[in-house]
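Reading through the structure tokens given below for one structure.
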Amino acid sequence: MTQDEMKKASAVKALDFIENDTIVGVGTGSTVNHFIDALATIKHNINGAVSSSEESTKRLQAHGIEVFDLNSINTLDVYVDGADEITKHMSMIKGGGAALTREKIVAAVAKKFICIADDSKQVKVLGNFPLPVEVIPMARSYVARELVKLGGDPVYRQGVVTDNGNVILDVHNMSIVDPKALEDSINSIVGVVTNGLFAQRGADILVLGSAQGVDIIK
Ligand code: 5RP
């Protein structure tokens with residue numbers, strides 16, 4: 001089984017968590033693209049979606065799935081999204097696709113975060129994947145200096161502008177022993193919009209695709 005087939009198997013399995021007549025929170029990335037394609041097969045059973053990126057919005061709409069403004073809804077039962085890394089404590093690094101801020105907002109509203117991933121994403125300790133930090137453009141150099149003080153090596157993601165008009169610093173070699181504390185410290189740097197640590201609000205359920213099949217981990 002290829003990595004993409006494992007992503008697809010996990011994405012299709014996540015349909016089991018979608019209730020009829022609900023609005024579904026939808027993340028961003030290649031695993032989520034499989035989920036959107038799977039969601040299209042049950043689109044007449046759901047009321048629509050809330051999206052975490054322009055990319056996912058386009059794909060949802062291309063399938064004829066209505067996309068709602070997050071401000072127009074009061075509750076969201078389920079948010080389905082991928083991850084770049086996830087631990088057994090359900091803390092994640094996200095933002096490889098630069099959609100971390102909107103992903104974190106939709107995840108904050110949702111009652112349940114369903115993470116869909118292939119088993120290469122499961123790690124003992126976060127940080128091998130460079131930690132994305134979304135930054136207001138004029139604060140880029142200042143924030144980079146502050147991240148160096150925290151022990152990281154920030155690298156400007158050239159040519160990438162987020163859906164919110166900001167830039168991304170990818171922080172390499174960061175020691176992430178306490179993900180919740182680090183999430184807070186990075187977010188308290190002036191000029192940071194948010195960082196890709198999803199530890200304060202981690203996943204509730206991991207739908208993990210591997211060569212052996214799909215496991216549901218709670
Ligand atoms: C986008 C993300 C994605 O969920 C993450 O990068 C995983 O992507 P993929 O499913 O393509 O492996 O956080 O900002």
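The values are calculated or read from the model by the stated rules, or taken from the named source; none is laboratory data. Since we're looking at a predicted model, the values are computed, not measured. Cβ: placed from backbone, ideal geometry, glycine included. Neighbour counts: every protein chain shown. Only protein heavy atoms, including side chains, enter the accessible area calculation; ligands, DNA and RNA are left aside. Shrake-Rupley method; radii C 1.70, N 1.55, O 1.52, S 1.80 Å.
What does the stretch 114-162 give for Rg and for Dmax, in Å, if only its C-alpha atoms count?
My reading of the Cα-based Rg and Dmax gives 13.8, 38 Å.
Quick one: P(r) of the stretch 1-78 from all Cα-Cα pairs, 5 Å bins, percents rounded to integers, in order of increasing distance.
Computed distribution, short to long bins: 3, 17, 29, 26, 16, 5, 2, 0, 0.
Leaving out same-chain residues fewer than 8 places away, which lysines sit with a Cα under 18 Å from that of LYS104?
LYS94, LYS112, LYS180
Quick one: net charge of GLU183's neighbours, Cβ under 11 Å, K/R +1, D/E -1?
So the surrounding residues net to +1.
Find the centroid of the Cα atoms in the stretch 65-105 and in the stretch 138-159, then give the distance between the two in whole Å.
Going from one Cα centre to the other spans 24 Å.
Taking Cα pairs under 8 Å and at least six residues apart, what relative contact order does the stretch 93-185 come out at, in percent?
Relative contact order comes out at 32 percent.
Over all directions, what mean area does the Cα convex hull of the stretch 85-156 project, stated in square nanometres?
Mean projected area of the Cα convex hull: 5.8 nm².
Express the relative contact order of the chain as a whole percentage, based on alpha carbon pairs under 8 Å and six or more residues apart in sequence. Numbers along the way, then the final one.
Working: 486 pairs, mean separation 49.9, N = 218.
Once divided by the residue count of the chain, the mean separation gives 23 percent.
How large a share of the accessible area of the chain, in percent, is made up of carbon and sulfur atoms when the probe is 1.4 Å and the other protein chains stay in place?
49 percent
Given the chain reduced to its alpha-carbon atoms as identical point scatterers, what log10 I(q)/I(0) does the Debye formula return at q = 0.11 Å⁻¹?
Relative scattering, expressed as log10 I(q)/I(0), comes to -0.50.
How many Å² of accessible area per residue for the stretch 131-195, probe 1.4 Å? Numbers along the way, then the final one.
Working: 3270 Å² over 65 residues.
Per-residue value: 50 Å².
Hey, what did the stretch 131-195 get for relative contact order, percent, Cα under 8 Å, at least 6 apart?
Working: 103 pairs, mean separation 30.3, N = 65.
Here the relative contact order equals 47 percent.
For ASN164, what charge total do you get from the other residues with a beta carbon under 10 Å from its beta carbon, if Lys and Arg give +1 and Asp and Glu give -1?
-1
What FRET efficiency, computed as 1/(1 + (r/R0)^6) with R0 = 35 Å and r the Cβ-Cβ distance, is obtained for ALA181 and GLU5, rounded to the nearest 0.05?
0.40
Report, largest value first, the span of the C-alpha coordinates of the stretch 131-195 along each principal axis, in whole Å.
30, 18, 18
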